[in-house]
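The values are calculated or read from the model by the stated rules, or taken from the named source; none is laboratory data. On a predicted model such as this, the values are computed, not experimentally measured, just so you know. Please note: Cβ atoms are built from the backbone with ideal geometry, for glycine as well, and neighbour counts cover all protein chains shown.
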Amino acid sequence: MSEDRNSSAHAWSVRPALVNRIVYTLYALCALSVVLDLFVHRHEKFAFAGSFGFYAGYGFVACVALVLAAKGLRRLLMRDENYYGEADD
């Protein structure tokens, strides 16, 4: 019975139409935030920080850098599957 409950709880994640709707909604929200950047006046200390889409681009580059750093750390920190020894059954 608990398997039925778990499968129904995650049923939204296997429905492609709903997943596509969520992804496209997120795309639209990201585009809207970049467009709204045209109407916001910021008092920045550095001129480049006030340019159009700076924070969107900076956030994207930072996110990509974090993913690449995590891949490098995975190679550095990864251990064998049986690192802690064989499981006793």
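Of the residues Leu73, Leu32, Leu26, Leu36, which is within 17 Å of the chain's Cα centre (by Cα), modelled with pLDDT of 85 or more and in a helix (DSSP H, G or I)?
Residue meeting the stated conditions: Leu26.
List, please: which pairs have Cβ atoms under 8 Å, are six or more places apart or on different chains, and start with a residue in the stretch 15-33 that is within 22 Å of Gly57 (Cβ to Cβ) and end with one that is surrounded by 10 or more Cβ atoms within 10 Å (Cβ to Cβ) and modelled with pLDDT under 95?
Partner pairs satisfying both residue conditions: Cys30/Ala56; Ser33/Ala56.
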